[in-house]
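A short worksheet on the structure shown next.
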Amino acid sequence: MEESKHFGNQGEANLPQFLRTIRNAYEKYHLHSLKRPLEVCENLLTVNPQIDVAVLGQFKSGKSSFLNSLVDKTILPVGVLPVTTVITRLQYGSKERAIITHFDGTTEEIDCSRIEEFTSELKNPGNQKNVEQVDIELPSLAKYPGIRLVDTPGLGSVFQYHQKTSENWIPETGTAILAISADRPLSENDLALIRELSQYTPHIILLLTKVDLLSSDQQNEVINFFRATLKRELDREFPIYLYSTRFNLERWKQIVETELLVPLVHNREIEYRRILNHKLRTLIKSSLNYLDIALKSALQLDANREELRKLILDEKLNFDLMREELIMISYENAGQTRPFILKRLEELYRPRLTQLLITELREEMPKWKGSLWRLTRNYEQWLEESLTEKIEQISKTEHQHFLGTLKKAYVSFSRYLESFRSLLNNNLERALGLKLTETEWKIEVEEPKQPDIKTSRTFDFNIDLIWFLIPMIIFRPLFEKHFIRQIPREVEVNLARLASQWAERINKVIEKMRYQAEKYIKDELATIESLLVNAGGQTDEIQKTMEELQNLLKRLEG
C-alpha cells in the first residue's frame, strides 16, 4: 500500500501530539465547524476500533440484501418499502446475538430473530423505540476479523432519523461501499455523496446492485457510463463491482470477498493507519483554511480592525435579520401544509371512500341481529374498524404526497443557506482574498408518526338505552338509513382530522429545520467573528500554529 509510508514508527508515535496540536487550534480559535471530524479522529486513535465497512446509498438500493448475502443469513430486514431506520453493525462473535443501544445509553441483548422489531420501519416506525444503533455478532463472520460491516438507513429521503443517521455517521466511515441500483442511473446525489465521502476515507467502492435486471451488454454499458461520468465530474477512478442476490450470487459474492474484504482483513493494520491518515489530512487542511482567515484578518486588523470586520460581517449578515427571514420561510410553508393535504384527500378519497363504506355497510348490516343497543354497538365497532383500516391505509399510501410543503421548505432553507454562504465568501474574498472550504448543510429530522383515527357517537342522545321500548321489526330500516347518512360526515371529519394531524407533525419538522438552519448560520458567524475579533495582535501566534499544522501535513503526506 503506497500510503502506508505516511506512517513510520516516529510518525505513528507522534499521532497523539498531532491531534493535541489540532485540538489546541480548535479550542483557541473556536473552530466550531470542525468538532465532529476532530472527535472521530480522536476516537479512532484512542480506541483503535474495527474498520467500519459502511454500505451507503439511496433507499431501496439493495444494501441490506447485499449484507444478508455476505453473512449467508437473512438477518437484516428487507421489504418493498424503505426499511432500515437505524445504524446496524455486523461483526464476528463466538455466538449469535444482537445488542441494542438506546439514545439514553441503556443496552439490551436480544435474540437475532427479533432484530426487525428495532431496525425496521414497519416494526419501529420513525424509530419510536429510540434505538441509537444495533450491534450484531455472528460466528459466520470469523473470516473477517478486525472489520465491521455497517448497514445504514437509505439516503435520498427527506427523513433522517435521530442523531446517528447515515449522513451524521459518514465521518466514521473506514471503507465506503456505495450501493447503486441497476434500475436507475448514477445521480447527482450519488456524486455529492462520493465528494463528501472523499473527505473521510481513501477507500470508496461502487457496488452496482440488481444487475440481474440487465443483460451482459447493458452491464458493460452502465459500467462505462459510470467510469466516464466519475472521471468527468470528479476526475477520479473508482473500483466498480457488480452484484445480484437473485442470479449468479456465488460468483458476485466471491469477487467481492476475494478482491475487497479479504485484502482488507489481511492488511488491517496498514489500512487502519491509512484511513486515520486520510481523516487527519482532511482535518488539518480544514483547520488551515480557517486559520488563513485568522492570519490575513490579523495582518489587517492590526491596522484597521473595525473597518475590516464591518466589511466582512456587513449588515446583510446580521443574525437577527436572517433569523427573521428563516422564521418567515417556516411560517409561509407551514401555513400551506394543512390546505395542501386536505385538498388532496378531498379530491382523491372523500367521494370514493364514502361510497366504499356505504356499500360495505349495506352488505354488513343484514348480518347484525338483536336490539337497537346491539345494532348500534355493531355499527360503531364496524365503523371504527373500517375507518381505521382504510384511513390508515390512505395515510401510509399517501403520506409521501403530503410532504410537498416540507420538501419546499427544505429547498427554501437550503437555498437561503447557500445564499448566506455565498455572501460570506464574497465578503471574505473581497476583504482578504480567500474563501471558506466547501461544506454541505445537513439536516436531521424524524419522520412524523402516523395519526390516530376516531369516530363520532352514533346518536346525539342515548336513544339506544331505551332499546326495549323500540320494536325493531318496524323501526330497524329507519336506523339503518340513519347509519348510512352518517357515513359522509364521518369520512369528512376523519379526513380533516388526518390532514390536521399530518400538518401538525410536518410543521414540527419544518420548525426543526429552521432551528438547524439558524444554528448553522450562528455557528459559522461565531467562528468568523471569533477569528476577526480575537486575531488582532496574534499574527505571530497564528503563523506559528499554521506552521505547526503545515509541518504535520507534510509528515502525514510523506
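Here is the figure for region 399-429: residues that are in contact (Cβ under 8 Å) with a residue 12 or more places away in the chain, within 26 Å of PRO125 (Cβ to Cβ) and surrounded by fewer than 17 Cβ atoms within 10 Å (Cβ to Cβ) total 3.
Against the criterion of being closer than 30 Å to TYR29 by Cβ, in a helix (DSSP H, G or I) and at pLDDT below 85, GLU480 does not qualify. Close Cβ contacts (under 6 Å, 6 or more residues apart or on different chains) running from residues in region 263-283 that are under 15 Å from PRO49 (Cα atoms) and touching a residue at least 24 places away in the same chain (Cβ under 8 Å) to residues that are in a helix (DSSP H, G or I) and among the acidic types (Asp, Glu) comprise LEU264/GLU271; ARG274/GLU3.
Just one residue in the set SER33, SER61 is polar (S, T, N, Q) and within 18 Å of the chain's Cα centre (by Cα); that residue is SER61.
Of the residues in region 104-142, how many are part of a strand (DSSP E or B) and among the hydrophobic types (A, V, I, L, M, F, W, C)?
Residues that pass the stated criteria total 5.
If you check THR46 against the conditions, is it surrounded by 19 or more Cβ atoms within 10 Å (Cβ to Cβ) and either outside any loop (DSSP other than H, G, I, E, B) or β-branched (Val, Ile, Thr) (or both)? The answer is no for THR46.
Give the number of residues within region 97-116 that are small (Gly, Ala, Ser) and closer than 12 Å to ASN130 by Cβ.
Residues meeting the conditions: 1.
Restricting attention to region 354-375, the residues that are within 14 Å of ILE484 (Cβ to Cβ) and touching a residue at least 60 places away in the same chain (Cβ under 8 Å) add up to 7.
Kindly indicate the residue of region 252-284 that is touching a strand residue (DSSP E or B) at 6+ places or on another chain (Cβ under 8 Å) and more than 25 Å from LEU15 (Cα to Cα) and also surrounded by the most Cβ atoms within 10 Å (Cβ to Cβ) among those meeting that condition. Applying the filter and picking the extreme gives TRP252. Between residues in region 319-333 that are touching a residue at least 12 places away in the same chain (Cβ under 8 Å) and within 14 Å of TYR515 (Cβ to Cβ) and residues that are surrounded by 14 or more Cβ atoms within 10 Å (Cβ to Cβ) and among the basic types (Lys, Arg), which pairs lie under 8 Å by C-beta distance while being six or more apart or on different chains? Note: pairs meeting the criteria are PHE319/LYS522; LEU326/ARG514; ILE327/ARG514; ILE329/ARG514; SER330/ARG514. Comparison of LEU356, LEU345, LEU321 shows that the only residue that is buried (at least 16 other Cβ atoms within 10 Å of the Cβ) and among the hydrophobic types (A, V, I, L, M, F, W, C) is LEU345.
So that you can scan it fast, the table gives a plain yes or no per residue for (1) assigned to a loop (DSSP other than H, G, I, E, B); (2) surrounded by 12 or more Cβ atoms within 10 Å (Cβ to Cβ):
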position	(1), (2)
PRO171	no, yes
LEU186	yes, yes
ASP190	no, yes
TYR200	yes, yes
ASP217	no, no
ARG227	no, yes
GLU237	yes, no
TYR241	no, yes
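Quick one: would you say ARG251 is more than 30 Å from LEU436 (Cβ to Cβ), of a type in the set (D, E, K, R), at pLDDT 85 or above and outside any helix (DSSP H, G or I)? No. Restricting region 202-215 to residues that are in a helix (DSSP H, G or I) and of a type outside the set (Asp, Glu), which is surrounded by the most Cβ atoms within 10 Å (Cβ to Cβ)? So, considering only residues that are in a helix (DSSP H, G or I) and of a type outside the set (Asp, Glu), the one surrounded by the most Cβ atoms within 10 Å (Cβ to Cβ) is VAL211. Condition test on SER94, is it under 26 Å from VAL262 (Cβ atoms), of a type in the set (Gly, Ala, Ser) and out of contact with any Gly (no Cβ under 7 Å at 6 or more places or on another chain)? When the stated conditions are applied, SER94 passes them. Residues in region 49-77 that are outside any strand (DSSP E or B), out of contact with any Asp or Glu (no Cβ under 6 Å at 6 or more places or on another chain) and small (Gly, Ala, Ser): 4 in all.
With respect to (1) within 21 Å of ARG415 (Cβ to Cβ); (2) surrounded by fewer than 15 Cβ atoms within 10 Å (Cβ to Cβ), the lone exception for ALA517 is condition (2). Among the residues of region 487-501, the ones that are in contact with a Phe, Trp or Tyr (Cβ under 9 Å, 6 or more places away or on another chain) and surrounded by fewer than 19 Cβ atoms within 10 Å (Cβ to Cβ) come to 0 in all. Of everything in region 148-158 that is in a strand (DSSP E or B) and surrounded by fewer than 22 Cβ atoms within 10 Å (Cβ to Cβ), the residue that is modelled with the lowest pLDDT is LEU155. Residues that are at pLDDT 85 or above and either within 20 Å of the chain's Cα centre (by Cα) or more than 12 Å from GLU137 (Cα to Cα) (or both) within region 91-114 comprise ILE100, THR101, THR106, THR107, GLU108, SER113, ARG114, listed in sequence order.
The values are calculated or read from the model by the stated rules, or taken from the named source; none is laboratory data. This one's a predicted model, so the numbers in the text were calculated from it and none came from an experiment. Glycine gets a Cβ as well: all are built from the backbone with ideal geometry, and neighbour counts include every protein chain shown.
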